[in-house]
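Written below as structure tokens is the structure these notes are about.
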Amino acid sequence: MIIVDEVGYIPFDQNAANLFFQLIASRYEQGSAMVASNLSFGLWGETFSDDVVAAAMIDRLVHHAEVLTLTGDSYA
């Protein structure tokens, strides 16, 4: 299992976004991945500097996934 925390904390440049997409795509239907972010999926295009890459990544992440949305106060 690959666990990635704080996606969106720091924006990805185009090269980093493409590499992260390749990582997620390589795990698609092959192995487990868990991704945590404080951003809604609608804002991922800004984080990855490309709406198309973000949409493709989200598509692969949420297919066969359990998406949990947590609400409440942050203790960070």
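The values are calculated or read from the model by the stated rules, or taken from the named source; none is laboratory data. The shown structure was predicted, so the numbers you read here are calculated from the model rather than taken from an experiment. All Cβ positions, glycine included, derive from the backbone under ideal geometry; neighbour counts span all protein chains shown.
For the stretch 22-31, a residue qualifies if it is touching a residue at least 24 places away in the same chain (Cβ under 8 Å) and over 13 Å from the mean Cα position of the chain (by Cα), and the qualifying residues are Glu29, Gly31. Across the stretch 1-27, the qualifying residues are those that are of a type in the set (Asp, Glu) and closer than 23 Å to Thr69 by Cα, and the one among them that is surrounded by the fewest Cβ atoms within 10 Å (Cβ to Cβ) is Asp5. Here are some conditions: (1) in contact with a Ser or Thr (Cβ under 9 Å, 6 or more places away or on another chain); (2) at pLDDT 95 or above; (3) of a type outside the set (Phe, Trp, Tyr). Asp59 meets all but one. Which one does it not meet? The single condition Asp59 does not satisfy is (1). Do you know which of the residues in the stretch 33-57 that are assigned to a helix (DSSP H, G or I) and charged (D, E, K, R) is nearest to Val7 (Cα to Cα)? Filtering the stretch 33-57 for residues that are assigned to a helix (DSSP H, G or I) and charged (D, E, K, R), the one nearest to Val7 (Cα to Cα) comes out as Glu46.
The set of residues from the stretch 58-76 being within 16 Å of Asp5 (Cβ to Cβ) and not in a loop (DSSP other than H, G, I, E, B) comprises just one member, Leu61. Please work out if Gln30 is assigned to a helix (DSSP H, G or I), exposed (fewer than 12 other Cβ atoms within 10 Å of the Cβ) and not charged (D, E, K, R). When the stated conditions are applied, Gln30 does not pass them. One residue stands out in the stretch 35-76 among those that are touching a Phe, Trp or Tyr at 6+ places or on another chain (Cβ under 7 Å) and not hydrophobic (A, V, I, L, M, F, W, C): the one that is farthest from Pro11 (Cα to Cα), namely Arg60.
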